[in-house]
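Participant: Structure in structure tokens, see below.
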Number of protein chains: 2
Amino acid sequence: MVIDLKRKHSYNPQPIRQRVAVTFDYDVLFTTGLFELDNPMLADVVAADGEPGTKRAIAVFDSGLLPHYQDLVEQITAYTNHYDDVLTLVTEPLVVPGGEAAKNDPQLLAQIHQVINDVGLCRHSYVLAIGGGAVLDMVGYAAATAHRGVRLIRIPTTVLAQNDSGVGVKNGINAFGKKNFLGSFAPPYAVLNDFAWLETLDDRDWRSGIAEAVKVALIKDADFFEFIVSHAEKLARRDMETMQQSIYRCAQLHLEHIASSGDAFEKGSSRPLDFGHWAAHRLEHLTNYRLRHGEAVAIGIALDSTYSYLAGLLSVNQWQQILNTLRALGFDLFVPELAEQLASPLSSRCLLAGLTEFREHLGGELTLMLLEGVGRGLEVHEVDVSLYWRAIEMLR
Amino acid sequence: MVIDLKRKHSYNPQPIRQRVAVTFDYDVLFTTGLFELDNPMLADVVAADGEPGTKRAIAVFDSGLLPHYQDLVEQITAYTNHYDDVLTLVTEPLVVPGGEAAKNDPQLLAQIHQVINDVGLCRHSYVLAIGGGAVLDMVGYAAATAHRGVRLIRIPTTVLAQNDSGVGVKNGINAFGKKNFLGSFAPPYAVLNDFAWLETLDDRDWRSGIAEAVKVALIKDADFFEFIVSHAEKLARRDMETMQQSIYRCAQLHLEHIASSGDAFEKGSSRPLDFGHWAAHRLEHLTNYRLRHGEAVAIGIALDSTYSYLAGLLSVNQWQQILNTLRALGFDLFVPELAEQLASPLSSRCLLAGLTEFREHLGGELTLMLLEGVGRGLEVHEVDVSLYWRAIEMLR
């Protein structure tokens, strides 16, 4: 950059080049039965801050847990009472709606800010967020912005939140009909993955999260994809240990990427972990969230894999293995909304408008992830729309 | 941390220790006449992003500028038209109230989010924020949270914003009657300090910002304090070049601290740059913002310097030189609100409640900065309230 000004004053100070380096450390821990009294994990995580005295906390949980865990409030309360030398709940646990509803109602964000203010949490206090990815995103945004950041402990309760959304550095809510329009980058204080929550998931939620494992395997780790291929049937019939292994490896791959990408806060235009996601986000919107996120991601993966095949990047065998594996896991790979544009070319409900929205959210040049092999992502900056139409026809 | 769980399942994966390092680079540049057509600084800063095409921007400015710069909208528009190969304003510049009002009305935040959505800014677009510290804080919070961060170029127009609040990594608004209750850590894309804005400041705003220069000199740089002492009279009678030198050095010291503290995002309990600020924030509140921030900081500095003297940390000469310099700059060092508690000991309007509020906002242990010499701050974790009462009496 050349700065050559006609100086109007005699005092012309040099530019100051500021560089601020910030390091965030957090542990992602795995357990079963987090709130059982003989499980010290949560208390240990809080005690490890090394600060004197009992720490103050609030807990916010996902209403979706209530039918299966009627005594959750009592359990959390009993737990914190048991470890009251470390941690105290300063108010009753709050319950917020689960799923996308958590991110669509700005009053929920305001409510959590209100509670943080009312009970006088400080930056060294704790917010425990217990639920699926949407609840973690909304509560995380509230915690990140109160006092510019109260410590957030994420306790993800779904496959998707344990293996992907709950382990990363982002939060957010929806606004103006756009997913995650408001949010921030704010790493959590810790993530505690309790496998016991998975027992009571319905089949759709169990399956849904596996799409993110398929995604990260396809772009980064052929061995992990091989594992999913050979264990697809076990995953589909809810084998718990296979699921735990899959969650662990998926979380690990996501965390490795965030730590090593050099762009954890996404200042550039590249976001490889969003393979299959441009179409997924659009389909969630077009179906009014009838599709769950992972179900939409499975279709997005199928679409971008088919496109990669049509573009000559994947062999027919690789492509078919991907589609067959998704089907073996139980995913439907077509919904009518995929093809609305084909039926009515002037419709505003065009799937491909998702490309524009995706670029706008991330900024800069359009950057999409395709596959040039199993375990090998490839970034492209242009797409051939006619190939996408063919890909949609093939999925139909 | 020892984790010794009674494992319920055979699969016991190891904890994942996540470390995310993020580096933020931004330039703080100095000029005179930023929006003059022959001044390429702003265009150069945008062009330096190296991305192709004309970048989209919105501009938000402080209504306090309007009486002095009636043609500001036309000037900004003419500037961006002139450099339209680099930068285009996608909507008319917005005007928002200046001063604390900008941070007290959540509708202003919502309005800026709405505009960012309406015009379809992306993360690589620009928000130009032009105004005093309060406007920069509010607009910065809006920019940081839309799409999890649109690029923010701060154009500070007051002494305080140019030498302190506008060059740092924070933003925020007030909520629940608490200053900066909501906000985030989000470094700007660039800071462009235009000295020309200072010409039209009223005397209070001119003077007010000097308090931050005194503050940072006292805790970090005895030579700079000596400069302020010997130039106090020139600063008070509005010598522009002296002010420019003072702003530059003050900004430099703040930036050096942020870059080198190892805790730019304030995860710990120490905040040395807030010397004198616990009382200042409280006095702003107790006076219903009749005091400007810098005026309150001058009183806070006087109070904590007096306390440091009474605690045996400062010599009588050092203490008197500090108070005399503040007075020579034109600051009043006493307001009745300082002593309300003395007159009515059970009043809820106690100055010292500010200590609790300060600790709550930052979190953890109470950590206050005192002086153990000119240019040498000293952190303490306990205070003797009776010494503060004596200090208040002495200032009276």
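Participant: Among A:W389, B:W197, which comes first, then next, by fewest other beta-carbon atoms within 10 Å?
Facilitator: Fewest-to-most ranking of A:W389, B:W197: A:W389, B:W197.
Participant: What relative contact order, as a whole-number percentage, does segment B:206-395 give when Cα pairs under 8 Å and 6 or more residues apart are counted?
Facilitator: 31 percent
Participant: In bins 10 Å wide, starting from 0, what share of all Cα pairs of segment B:5-97 does each bin hold, as a percent?
Facilitator: 12, 32, 23, 8, 7, 9, 7, 1
Participant: Quick one: A:F195, A:F176, fewest Cβ neighbours within 10 Å first, how do they rank?
Facilitator: In increasing order of surrounding Cβ atoms, one gets A:F176, A:F195.
Participant: Tell me, which longest segment in chain A has none of the GluC sites (Glu not before Pro) that fall in DSSP loops with at most 16 further Cβ atoms within 10 Å?
Facilitator: A:1-364
Participant: Loop-only check: which trypsin sites (Lys or Arg not before Pro) in segment B:4-92 are DSSP coil with at most 14 other Cβ within 10 angstrom?
Facilitator: The qualifying sites are B:K6, B:R7, B:K8.
Participant: Can I ask one more? Before rounding to the nearest 500, sum -39500 (n - 2.57) across all DSSP H runs of length at least 4 in the protein assembly as shown and divide by the residue total; then give [θ] at 222 nm in deg cm²/dmol.
Facilitator: -13000 deg cm²/dmol
Participant: Estimate the FRET efficiency between A:A21 and A:W389 by the formula 1/(1 + (r/R0)^6), using the beta-carbon distance for r and 56 Å for R0, to the nearest 0.05.
Facilitator: Rounded to the nearest 0.05, the efficiency is 0.75.
Participant: Still on this structure, I have one more. Using a 10 Å cut-off around each Cβ, can you sort A:S125, B:S269, B:S246, B:S261 from fewest to most neighbouring Cβ atoms?
Facilitator: Ranking A:S125, B:S269, B:S246, B:S261 by Cβ neighbours within 10 Å, fewest first, gives B:S261, B:S269, A:S125, B:S246.
Participant: Select from segment B:311-384 those chymotrypsin sites (Phe, Trp or Tyr not before Pro) which occupy a DSSP coil region and have at most 15 other Cβ atoms within 10 Å, ordered by residue number.
Facilitator: B:F334
Participant: Quote the FRET efficiency, to the nearest 0.05, computed for B:H381 versus A:D38 with a Förster distance R0 of 35 Å and r equal to the Cβ-Cβ distance.
Facilitator: Approximately 0.45, to the nearest 0.05.
Participant: Now, a different point. Check each of the trypsin sites (Lys or Arg not before Pro) in segment B:192-272 and keep only those in coil by DSSP with at most 16 other C-beta atoms within 10 angstrom; list them in order.
Facilitator: B:R237, B:R238
Participant: I want the antiparallel fraction of DSSP beta bridges within segment B:27-201, as a percent rounded to 5.
Facilitator: The antiparallel proportion sits near 10 percent.
Participant: For A:K170, go through the lysines and keep the ones whose alpha-carbon is under 17 Å away, minus same-chain ones fewer than eight residues off.
Facilitator: Filter leaves A:K103, A:K178, A:K179, A:K267.
Participant: So, one more: Can you tell me how chain A classifies by the Cα gyration tensor, rounded, prolate or oblate, using a/c under 1.5 as the rounded cut?
Facilitator: oblate
Participant: Something else: Put +1 on the Cβ of each Lys and Arg and -1 on the Cβ of each Asp and Glu in segment A:206-395; which of A:Q252, A:S270, A:G330 then has its Cα farthest toward the positive end of the dipole?
Facilitator: Of the listed residues, the answer is A:G330.
Participant: Once each part is reduced to its C-alpha centroid, what is the distance from segment A:185-205 to segment B:207-272 in angstrom?
Facilitator: With segment A:185-205 and segment B:207-272 each reduced to a Cα centre, they are spaced 47 Å.
Participant: What fraction of the DSSP beta bridges in the protein assembly as shown is antiparallel, stated in percent and rounded to the nearest 5?
Facilitator: In the protein assembly as shown, approximately 40 percent of DSSP beta bridges are antiparallel ones.
Participant: Another question, then. Along Cα-to-Cβ, 7 Å out, sits the label point; list in nm, shortest first, how far the one on A:R290 is from those in the other copies.
Facilitator: Label point to label point, same position, other copies: 6.4 nm.
Participant: What's the center-to-center distance, using Cα atoms, between segment B:36-56 and segment A:21-50 in Å?
Facilitator: 47 Å
Participant: In a Debye calculation with equal point scatterers on the alpha-carbon sites of segment B:206-395 and no solvent, what is log10 I(q)/I(0) at q = 0.08 Å⁻¹?
Facilitator: So the normalised log intensities work out to -0.24.
Participant: Shape of the protein assembly as shown from its Cα gyration tensor (a ≥ b ≥ c, root eigenvalues): rounded if a/c is under 1.5, otherwise prolate when a/b > b/c, or oblate?
Facilitator: Because a/c hits 1.5 or more and a/b fails to exceed b/c, the protein assembly as shown counts as oblate.
Participant: Given the options A:M41, A:V297, A:H68, identify the residue whose Cα lies farthest towards the positive end of the charge dipole of chain A (+1 on Cβ of Lys, Arg; -1 on Cβ of Asp, Glu).
Facilitator: About the Cα centre, the residue reaching furthest to the positive side is A:V297.
We did not get these values from a lab; they are worked out from the coordinates using the rules stated. Note that the structure is a prediction, hence the values are computed from the model and not measured. Cβ: placed from backbone, ideal geometry, glycine included. Neighbour counts: every protein chain shown.
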